[in-house]
Amino acid sequence: MNITKILAIETSCDETSAAVVADGKYILSNVISSQIKFHREFGGVVPEIASRKHIENIVPVVRRALMEARCDFEDIDAVAVTQGPGLVGALLVGLSFGKAAAYALNVPLIGVNHLVGHIYAGFLTGEEVNFPLISLVVSGGHTSIIYIKNHGDFEILGQTRDDAAGEVFDKVARAMGLGYPGGPEIEKLARKGDAQRIKFPRAWLEEGSYDFSFSGLKSAVLNYLHNAKQRKEEVSFEDTAAAFQEAVVDVLVEKTIRAASEKEVDTILLVGGVAANQRLREEMASSADKKGLKLIVPPPILCTDNAAMIACAAYYQLKMGNCSDLFLNAEADLQL
Ligand code: KG4
Ligand code: ZN
């Protein structure tokens, strides 16, 4: 029996990651080297620093991925790499390495869209994934509801018109003096807070719309904090975090469930960095359950950026003959 081993590289933002995945489902290794400590003092990702750190990390990270997978370069059947969207300088590091590796090994090169990678994390859970399905992709750069009829067949039903969900988590966290990335920090605080005490707005937009808008919510939270400070009133950061998180979760869950009903699918796939949020996972699970929908959510480590999801997406692209040539270029705003 022939097993296809794909070496994947992901360098779209601030994680240098390399993975070896067999047959699109067995993770042999998934090494993630986070640069967070280098960006933290700036309150967000600094693109120049990200590129430099990727250059320093890429070789050791790939070596470790091969070692953990008990592989040599010669065992690799194809090389996958994130083409975009992301920071162009950061993407170029992984892309250059991936091209060189594919050329030297004389194996196919597969350029993968980062969003598609997030979606395919759902195929690494060991659960059966049946089409058609609705996927909510929520990350630091994207908030999209996608109708997926089959492998490679994606239709965006709605997306954010301003900030992505992860981005507002990061901005609100920053306004409260919390560390970067803000999502996990807000989640931790929210656990100790009362989500009902403060009311923040939910932007439902036009009737039937699957788009999102989070900038109004962000302003409402920032104004609330600012006004309280002006009046020298004490603010409960726990309650603020909980009320903010609830406002984000409410809209994400309601629109995703509505899309699933309208498209008459049986399965919802919740992916992307914000899908690591426990409150979102719980609420999506309970709403899906009420409607008799199956919910697939990868473990948190496969929700945030990692190369295993890129390898998995690449496996299905390889099967469809969707490979790249050595002219493949990084695209900061690559569309689905
Ligand atoms: O998918 P990802 O690792 O990178 C992008 O493609 O953007 O997502 C990162 C985003 C950040 O904005 C981070 O704050 C958010 O995901 N995030 C969370 C949680 N963990 C990460 N947001 C809410 N709750 C979390 N537990
Ligand atoms: Zn991502």
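The values are calculated or read from the model by the stated rules, or taken from the named source; none is laboratory data. Every value quoted in this text rests on a predicted model; they were computed, and no experiment measured them. Cβ: placed from backbone, ideal geometry, glycine included. Neighbour counts: every protein chain shown. For the accessible areas, the whole protein counts, side chains as well, though only heavy atoms, and no ligand, DNA or RNA atoms are used. Shrake-Rupley method; radii C 1.70, N 1.55, O 1.52, S 1.80 Å.
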Distance (nanometres) between label positions extended 7 Å along Cα→Cβ at residue 38 and residue 219 | 3.7 nm
Mean separation of Cα pairs under 8 Å and 6+ residues apart, divided by the residue count of the range 198-336: what relative contact order is that in percent?
-> 18 percent
If the viscosity is 0.890 mPa s and the temperature 25 °C, what translational diffusion coefficient in µm²/s does Stokes-Einstein give for the chain when Rh comes from Kirkwood over Cα pairs?
-> 120 µm²/s
Under the Kirkwood approximation for Rh and a Cα-based Rg, what ratio Rg/Rh is obtained for the range 1-118?
-> 0.98
For the table 171/291; 5/255; 53/171; 291/319; 290/319; 263/290, the rows whose alpha-carbon distance is greater than 27 Å are 171/291; 5/255; 291/319; 290/319
Relative to the compact globular guide of 2.2 N^0.38 Å, what is the alpha carbon radius of gyration of the range 119-235, as a ratio?
-> 1.29
Can you figure out the FRET efficiency of residue 227 with residue 162, using R₀ = 25 Å and their beta-carbon distance, to the nearest 0.05?
-> 0.65
Run the accessible area of the range 15-150 with a 1.4 Å probe and give the carbon-and-sulfur part as a rounded percent.
-> 51 percent
What length, rounded to one decimal in nm, is gained on full extension from residue 290 through to residue 155, with 0.36 nm per residue of separation minus their alpha-carbon distance?
-> 46.1 nm
Distance in nm between residue 319 and residue 129 label points, each 7 Å along Cα→Cβ, equals 1.1 nm
Given springs between every Cα pair under 10 Å in a Gaussian network model of the chain, which of 218, 149, 255 has the largest fluctuation?
-> 149
